[in-house]
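The values are calculated or read from the model by the stated rules, or taken from the named source; none is laboratory data. Here the structure is a predicted model, which is why all the values come from computation and not from measurement. Cβ: placed from backbone, ideal geometry, glycine included. Neighbour counts: every protein chain shown.
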Amino acid sequence: MALLTPDDLRDINKQLQEADSIVRRVTGLDIKGICKTLYGTSPNSEKIGIVPVTAGNGIIKNFSASLHAITQYFGFDSFVTDMSDVSGYYEAVQSGANIILMADDHTFLAHNLKNGKIANNQPSTGIIYAEIASRNQKTDSKDVLVVGLGKVGFPGAAHLVHKGFRVYGYDTDRTLLEQAVSSLGIIPLDIESPKRFSTFFEATPCANTIPETLLSENCVLSTPGIPCAISEELRLKYNVQLVMEHLGIGTASMLYSVM
Ligand code: NAI
Ligand code: 0TF
């Protein structure tokens, strides 16, 4: 898994406010509204304990502080434990946390200790970015292109299929593409005869994954992928409505899904 850097998390509140405003413009709902309709839940005096984890590559500077800011932004009562790892987990529970947020290099989870529900960041992120793409107000077309069918992209593609969209897919890994075609019934993108899309959901760790030949004016690109799937030049040329944020939208999806 590509790890976040402290730079990715700079000014997380500003990133969230900007993301909220573009999500509103694209869908008519803010991020909270998307979460409420997606999961049918709302915050209800949950207390969130955020536990720093030193395993593997260790603490990412700003990660816990960013989760604190994000949870507060969405109206949750939250705190970061003084201790890390197992001691931090014990401290969180002793201090009254009923939802635990913690991440090592492979898994970022939210665990609701009251109802037992647990969420993993990758599918939760895929589902909410796909949901945002599916709510593109500017088009009646049911065609969506999904680029990247890995741990984030595949669950997002599945969500779009279940919502009745005609899902085209592309992944440089042929095995993953074939799996998505056979298990989800998505249509493999024909690179030789590209068509233009008004809605994209992208989830790869690579830049420039969406070529100009696929873009249409005012299209929506909903992408958790880092770095960005299109260049700034193409974004401006096609007035692409870009929903892209590094941590908050996926975390909101995790939290609402475990309530
Ligand atoms: P993954 O490695 O499971 O999947 C990525 C997929 O993209 C792979 O199947 C790979 O073959 C494919 N791919 C790579 N280059 C491609 C290209 N040029 N065209 C088409 N497909 C290509 O990774 P995962 O976990 O699904 O993460 C995807 C991205 O999402 C990463 O950048 C990750 O850091 C980011 N992410 C962002 C989050 C957020 O909150 N913004 C949350 C979780 C992940
Ligand atoms: O960097 C990542 C994921 C995060 C997905 C959300 N965009 N790509 N995971 C590593 C988190 C490690 C956190 C660290 N153990 C800490 O500071 O507690």
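Counting just the residues of segment 160-199 that are charged (D, E, K, R) and either in contact with a Cys (Cβ under 6 Å, 6 or more places away or on another chain) or modelled with pLDDT of 95 or more (or both), which one comes out nearest to residue 148 (Cα to Cα)?
Filtering segment 160-199 for residues charged (D, E, K, R) gives 163, 166, 171, 173-174, 178, 190, 192, 195-196.
Next, only the ones that are either in contact with a Cys (Cβ under 6 Å, 6 or more places away or on another chain) or modelled with pLDDT of 95 or more (or both) stay: 163, 166, 171, 173-174, 178, 196.
Values: 163: 19, 166: 16, 171: 5, 173: 9, 174: 11, 178: 12, 196: 18 Å.
Only one residue fits best here, namely 171.
Can you name the number of the only condition in (1) away from ligand 1 (no atom under 11 Å from the Cβ); (2) in contact (Cβ under 8 Å) with a residue 24 or more places away in the chain that residue 216 fails?
Against the list (1) away from ligand 1 (no atom under 11 Å from the Cβ); (2) in contact (Cβ under 8 Å) with a residue 24 or more places away in the chain, residue 216 comes up short only on (2).
Looking only at segment 194-233, how many residues end up being more than 18 Å from residue 23 (Cβ to Cβ), of a type outside the set (A, V, I, L, M, F, W, C) and in contact with a helix residue (DSSP H, G or I) (Cβ under 8 Å, 6 or more places away or on another chain)?
Number of matching residues: 5.
I'd like the full set of residues that are over 16 Å from the mean Cα position of the chain (by Cα) and not in a loop (DSSP other than H, G, I, E, B), limited to segment 1-20.
Applying the first criterion (over 16 Å from the mean Cα position of the chain (by Cα)) to segment 1-20 yields 5-7, 10-11, 13-14.
Correct list: 6, 7, 13, 14.
Of all the residues that make up segment 202-225, how many are within 16 Å of ligand 2 (Cβ to nearest atom) and buried (at least 20 other Cβ atoms within 10 Å of the Cβ)?
Qualifying residue count for the region: 7.
Just give me the residues in segment 76-104 being free of Cβ contacts under 8 Å to residues at least 40 places away in the same chain and either within 19 Å of the chain's Cα centre (by Cα) or in a loop (DSSP other than H, G, I, E, B) (or both), in sequence order.
Once the filter is applied, which keeps residues that are free of Cβ contacts under 8 Å to residues at least 40 places away in the same chain and either within 19 Å of the chain's Cα centre (by Cα) or in a loop (DSSP other than H, G, I, E, B) (or both), segment 76-104 yields 81, 82, 83, 84.
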